[in-house]
Amino acid sequence: MSFDALGLIPELVTVVSKQGYDTPSPIQAQAIPVILKGQDVMAAAQTGTGKTAGFALPLLQRLSTGKKAGSNQARSLILAPTRELAAQVGESIKTYAQHTSLRTTVVYGGVKINPQMQRLRSGTDILVATPGRLLDLVNSNAISFKELEILVLDEADRMLDMGFIHDISSIMELLPKRRQTLMFSATFSPNIRHLGTNLLRKPVEISVNKHNETATTVEQWICPVDKKEKPELFLHLLDEHDWDQVLVFCLTKKGTDRLVGFLKDQNVKASAIHGDKPQSARTRALADFKAGKIRVLVATDVAARGIDIDQLPQVINFDLPIVVADYIHRIGRTGRAGASGIAISLVSADEFKLLTDIEHLIGRELKRKFIDGFEPNHNLPQSSMVRKIKKPKKPKVKGQRKTTRDGSAQSSSRGRPNTRVNSKKKVSKKKAVRGKNNTRGKRKVTALSSRKKQTAAAKHKKPRKYD
Ligand code: AMP
């Protein structure tokens with residue numbers, strides 16, 4: 001199939017072929033014709049599938065006819081969770097729009113608001129924004145949406161994770177009811193479905209990846225290692241594989257800075273990118289990495305969604321993420337658009353619970369590689385043991401109080417998701433942070449574990465003793 005056959009105008013077909021895109025990716029093949037028809041879309045597309053062009057190309061085509069935007073008006077709005085993603089989507093759209101007369105404006109926080117207000121004075125066809133800064137601009141009367149035709153929520157699941165639900169609700173109240181709405185998310189979680197029910201009208205559902213499936217082109221494995229050995233092990237892997245460039249994820253801002261300090265001491269060119277860095281430093285670090293000036297970019301999850309770097313074959317999880325879905329987003333930085341990649345996680349014994357959660361999420365155990373000289377003293381158990389423990393279901397006792405252990409039970413169509421989404425997420429995050437102190441979960445597992453042990457002993461162990 002060609003981009004031509006999808007019904008795109010020659011100005012856009014020329015530009016995609018200049019980008020080297022020969023055939024539409026699956027999300028593009030499915031989404032472009034539907035969006036061109038003016039229908040709402042709810043799409044589950046993993047990062048790296050080409051989803052930006054999937055919504056940007058038909059959006060540009062629809063806006064290429066019609067009236068120019070009035071002053072302080074936007075004809076379309078693309079909401080993105082992070083500054084990096086907003087900047088990147090803005091760049092892609094400017095590239096795709098180069099043969100049209102459409103104007104794209106990108107706004108996000110962490111930089112001066114006045115130049116953004118000035119740019120919005122003459123109106124814009126496409127406004128790419130992060131939610132917080134957009135509301136600041138609305139409050140300053142720099143933008144209004146009377147002429148809005150199309151709304152895109154990019155990485156909607158991430159926006160919920162980041163607690164933007166109230167901002168999104170406030171923004172929705174400012175938009176005309178009559179509009180085309182496109183929602184893109186890595187997965188169709190129950191919370192995303194609820195959000196979709198509120199925002200979309202008879203959406204066409206598109207899914208190009210199975211629930212929680214990681215990119216098949218990415219080879220994934222873990223290195224069990226003691227926590228204090230992680231910096232040395234990373235250095236060892238860097239040297240051994242002679243990687244040109246690596247993106248490394250750490251859990252905390254401090255950890256990120258610490259690793260960069262360590263690498264610099266070892267004469268490895270490295271930079272950090274995290275939320276405490278001024279926007280200018282974040283932009284510079286990313287630009288230097290993209291230009292090949294630095295070898296290792298160490299990031300917190302803030303950067304997980306916004307980085308699209310051509311030819312990035314490896315991603316390292318120096319720490320496992322607390323929000324398990326971030327594992328998928330992190331490794332989505334490699335293996336983009338069908339390219340192959342490697343994602344290696346350095347896992348210490350204290351991260352066992354996080355590892356188990358990830359393996360449950362992706363539905364399989366990750367291959368383990370023990371590196372000579374770095375074998376851990378603290379054992380990292382196999383997740384399958386825990387999975388077996390979790391399997392038996394307690395028979396329900398009549399009259400017993402019903403408890404919910406995860407968000408899915410709350411997801412019936414009668415629930416009020418939008419405000420709950422957030423608090424739920426926060427709770428689960430806290431739970432994860434508490435880790436070992438999570439006595440509620442611990443007690444349950446222990447109880448099941450001892451029950452299982454008794455059953456096993458009764459069934460197998462005892463007779464075998466007398467064999
Ligand atoms: P995205 O999922 O939108 O972040 O896109 C991931 C990468 O795929 C970007 O670097 C795009 O330039 C690239 N890309 C998008 N569409 C295609 C296509 N049809 N063929 C090849 N590469 C593409």
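The values are calculated or read from the model by the stated rules, or taken from the named source; none is laboratory data. Because the structure is predicted, anything quoted here is derived from the model rather than measured. Note that each Cβ is placed from the backbone with ideal geometry, even for glycine, and that neighbours are counted across all protein chains shown.
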- Within region 84-135, track down each residue that is under 21 Å from D161 (Cα atoms) and within 16 Å of the ligand (Cβ to nearest atom). E84, L85, A86, A87, Q88, V89, V128
- Query: Hey, does region 299-308 have a residue that's crowded, with 21+ Cβ neighbours inside 10 Å and modelled with pLDDT of 85 or more?
  - Reply: yes
- Query: within 18 Å of M42 (Cα to Cα) and without any contact (Cβ under 8 Å) to a residue 60 or more places away in the chain - does that describe any residue in region 145-153?
  - Reply: no
- Look through region 14-53, keep the residues that are of a type in the set (D, E, K, R) and within 12 Å of the ligand (Cβ to nearest atom), and return whichever of them is farthest from T334 (Cα to Cα). K18
- Answer yes or no as to whether L174 is without any contact (Cβ under 8 Å) to a residue 60 or more places away in the chain and either in contact with a Pro (Cβ under 9 Å, 6 or more places away or on another chain) or not assigned by TED's automatic domain parsing to the domain that holds D288 (or both). yes
- Task: Would you check if R62 is more than 21 Å from the chain's Cα centre (by Cα), more than 14 Å from the ligand (Cβ to nearest atom) and buried (at least 24 other Cβ atoms within 10 Å of the Cβ)?
- Result: no
- Sort out for me the strands (runs of 3 or more DSSP E) sitting completely within region 134-244 that have 1 or more residues that are under 30 Å from D372 (Cβ atoms) and over 16 Å from the mean Cα position of the chain (by Cα). 218-224
- When residues of region 1-12 are limited to those that are surrounded by fewer than 19 Cβ atoms within 10 Å (Cβ to Cβ) and among the hydrophobic types (A, V, I, L, M, F, W, C), the one farthest from the ligand (Cβ to nearest atom): I9
- Which one is farthest from K68 (Cα to Cα) among residues in region 99-142 that are β-branched (V, I, T) and buried (at least 19 other Cβ atoms within 10 Å of the Cβ)? T130
- Can you find a residue in region 337-355 that is touching a Gly at 6+ places or on another chain (Cβ under 8 Å) and either at pLDDT below 80 or not assigned by TED's automatic domain parsing to the domain that holds L235 (or both)? yes
- Message: Could you go through region 147-158 and let me know if any residue there is modelled with pLDDT of 90 or more and surrounded by fewer than 17 Cβ atoms within 10 Å (Cβ to Cβ).
- Response: no
- Which pairs have Cβ atoms under 9 Å, sit 6 or more apart or on different chains, and link a residue in region 41-70 that is under 14 Å from V128 (Cβ atoms) to one that is among the acidic types (D, E) and within 7 Å of the ligand (Cβ to nearest atom)? T52/D308
- Among the residues of region 249-276, count how many are touching a strand residue (DSSP E or B) at 6+ places or on another chain (Cβ under 8 Å), among the β-branched types (V, I, T), assigned to a loop (DSSP other than H, G, I, E, B) and within 12 Å of A299 (Cβ to Cβ). 0
